[in-house]
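Okay, structure first, notes after.
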Amino acid sequence: MHDEPDTGRRLAESPWADEQTRQHLQVLVEGVATLAGFAQSSLTLRRDGQFEVVAAAGVEDGFVGTQVPAASIENELRDADEWGVWRFVP
């Protein structure tokens, strides 16, 4: 058996929205990445004490659906650039 280090990340067990909504969010995330000139972009939502990646651009396959403990993301957000309601983590 191959032991992987525990990163605190796991995949969501059930999607939070229908396929059409996820497709719309994917277009939004890709547009933000293109317009802002970012190599990567993702949209995460807080769900049950976790942040869940619901759409992403420029990242590896399988990244969407990843859940990360809220404390990990909140630490990153403290140092994020604030653009109105949006937060950008370098």
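Some observations on this one:
- Scanning the range 63-90 for residues that are free of Cβ contacts under 8 Å to residues at least 12 places away in the same chain and either over 22 Å from L28 (Cα atoms) or small (G, A, S) (or both) returns A71, E74, N75, R78, D79, A80, G84.
- Condition broken by A70, with the remaining ones in (1) open to solvent by 90 Å² or more (accessible area, probe 1.4 Å); (2) more than 19 Å from A17 (Cα to Cα) satisfied: (1)
- Qualifying positions in the range 19-55 - among the aliphatic types (A, V, I, L, M), surrounded by fewer than 13 Cβ atoms within 10 Å (Cβ to Cβ) and assigned to a helix (DSSP H, G or I): V27, L35, A36
- Any hit, the range 48-67, residues being in contact with a Leu (Cβ under 7 Å, 6 or more places away or on another chain) and at pLDDT below 85: no
The values are calculated or read from the model by the stated rules, or taken from the named source; none is laboratory data. Keep in mind it's a predicted model, so treat the numbers as computed, not measured. Every residue, glycine among them, receives a Cβ derived from its backbone with ideal geometry; neighbour counts consider all protein chains shown. Surface accessibility is based on the protein's heavy atoms, side chains included, excluding ligands, DNA and RNA. Shrake-Rupley method; radii C 1.70, N 1.55, O 1.52, S 1.80 Å.
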